[in-house]
Amino acid sequence: MAKPFLKPWGAALLSVLLFCAAPMRQFYPDHFFPEDNVYKNEGIGFLLTLRGKWNIVTDPNEMNRYYKTFAKTMQVAGGELLFMGSTVEELYGIKAVALNLNEPPEEYAEYIRDLNKSEVGNDSEPVDFIAGDHAMVKWVYDKSEYRFVEFFFVVDTYDIRLSFWTKPQLFENFLPVFEEIMSTLEFTSGF
């Protein structure tokens, strides 16, 4: 029979092992400034000004369980979940992913489309899109109960995939807002 003092010690050890995983590292330092609605990535070298009130999380250690798992998966694949979030009323979502692939956005978009083809419906083909002064690729599709628009662009050698989503009945009215947000994209000096 085990001595009584081993039970609390065993429980504490189990708690440490289960709940105290090492924090995830961020390879590309970034920050969201809610007072200005500006997302800035110092490492890669770009910023984006959002329209409306958004709650954006840039630290993977502060993300919910689903996004934390996604962030870990991205890091294993050599990429990074830069940020995720939603509007304050939670009707619209946003996330951005970076991979250092040095691929044209058209090729990256087609690769992602092919990778996800079994999960998407109402799939439009990726199309060229100009946002402000920047050429990129735009792809619209449905997944689960949401309609997504993804924008693929390159900063230096980094391929960025920025996604917005909402319910299909809200999507058409807000697609111009998502495109307008993308037109605020500015390249800054990165690493």
field: Residue satisfying condition, being of a type in the set (D, E, K, R) and closer than 23 Å to Lys40 by Cα, within set Asp142, Asp156
entry: Asp156
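Name the single residue, out of those in region 30-53 being among the aliphatic types (A, V, I, L, M) and part of a strand (DSSP E or B), that is surrounded by the most Cβ atoms within 10 Å (Cβ to Cβ).
Filtering region 30-53 for residues among the aliphatic types (A, V, I, L, M) gives 38, 44, 47-48, 50.
When the remaining residues are screened for being part of a strand (DSSP E or B), the result is 38, 47-48.
Numbers: Val38: 16, Leu47: 17, Leu48: 23.
Here the residue is Leu48.
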field: Selection count where residues are in contact with a Lys or Arg (Cβ under 6 Å, 6 or more places away or on another chain) and in a loop (DSSP other than H, G, I, E, B), scope region 54-91
entry: 1
query: Listed residues Ser163, Ser118, Ser189; which is more than 19 Å from the chain's Cα centre (by Cα) and closer than 23 Å to Pro29 by Cα?
result: Ser189
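Every read-out reported here was derived from the displayed coordinates using simple, explicitly stated rules and does not represent laboratory data. Keep in mind that this is a model prediction, so the values were computed, not measured. No Cβ is skipped: glycine too gets one built from the backbone with ideal geometry, and neighbour counts run over all protein chains shown.
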